[in-house]
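Following: one structure in structure tokens, then a few remarks.
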């Protein structure tokens, strides 16, 4: 299923996309986090509702929000998790081109969450080096600690797209990722969550980003240095993951920082992050 959060008369509701329509699921769960936490029974009830639905609201007639508009905690992110991107980042910073031996974790503020089709604020008064990063993200369905690699994929509720919009000059100035990646609107997410049963191998997905129709990033998720089971197993050795937690798995090469000459976002730009089996996350920049 493709699960969405959408606006209905200014009220956020949870629904499922079926045949270019949105089937309302708000009597099964009032919001996405509740649906996720309710476990397999709620998901099966949603599937049954979709199977029996004889109509819904046209998809192009509703306003989609981020699938999880208000996560309970910050987005967990992976830095330099694709070899070519790690090299282009290190080269741009004049650092030795050595791949990370362990996953590089950081967080992106939940307040940065943005919606499909919504404007990414450029904030030129704060940064002149805004950059893009298309990423596969997964959402935890069954939480816990000390999850083994073998059990890791079974804890995932579904998959979505995140554009990890970054301010490279702030990143250099403050010597860390958090502030530079947590500016308002810097975490577009969506357009929906595809449930895990529809993506049997999350490491075999094409991943692209287009800037004004021109392809900037073109890779596939099998190029991750640290795969999703490694990410989950590593995190849960020391912390508990909970239903609804969002983890972004890193971006491939092709970001603006790595271009020659470097290329930064400008007002009027259109970003399209696309992942096979999920869809396209489109956002204007202004």
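Details
- Contacts under 7 angstrom Cβ, first residue in the range 112-129 being over 15 Å from residue 283 (Cα atoms), partner surrounded by fewer than 18 Cβ atoms within 10 Å (Cβ to Cβ), 6 or more apart: 127/169; 128/169; 129/169
- Enumeration of residues in the range 31-46 that are out of contact with any helix residue (DSSP H, G or I) (no Cβ under 6 Å at 6 or more places or on another chain) and surrounded by 14 or more Cβ atoms within 10 Å (Cβ to Cβ): 31, 32, 33, 34, 36, 37, 38, 43, 45, 46
- Checked against (1) modelled with pLDDT under 85; (2) under 14 Å from residue 225 (Cβ atoms); (3) surrounded by fewer than 20 Cβ atoms within 10 Å (Cβ to Cβ), residue 92 passes all but condition (2).
- Pair list, Cβ under 7 Å, 6 or more apart: the range 200-216 residue at positive phi, other residue assigned to a loop (DSSP other than H, G, I, E, B): 212/269
- Checking each residue in the range 86-110 for being under 14 Å from residue 162 (Cα atoms) and in a helix (DSSP H, G or I) picks out only 110.
- Selection from the range 119-153 of residues that are on the phi > 0 side of the Ramachandran plot and outside any loop (DSSP other than H, G, I, E, B): 144
- Candidate set from the range 154-171 (those that are touching a helix residue (DSSP H, G or I) at 6+ places or on another chain (Cβ under 7 Å) and assigned to a helix (DSSP H, G or I)); member that is farthest from residue 251 (Cα to Cα): 155
The values are calculated or read from the model by the stated rules, or taken from the named source; none is laboratory data. As the structure is a prediction and not an experimental result, all values here were calculated from the model. Don't worry about glycine lacking a Cβ; one is built from the backbone with ideal geometry, like all the others, and counts go over all protein chains shown.
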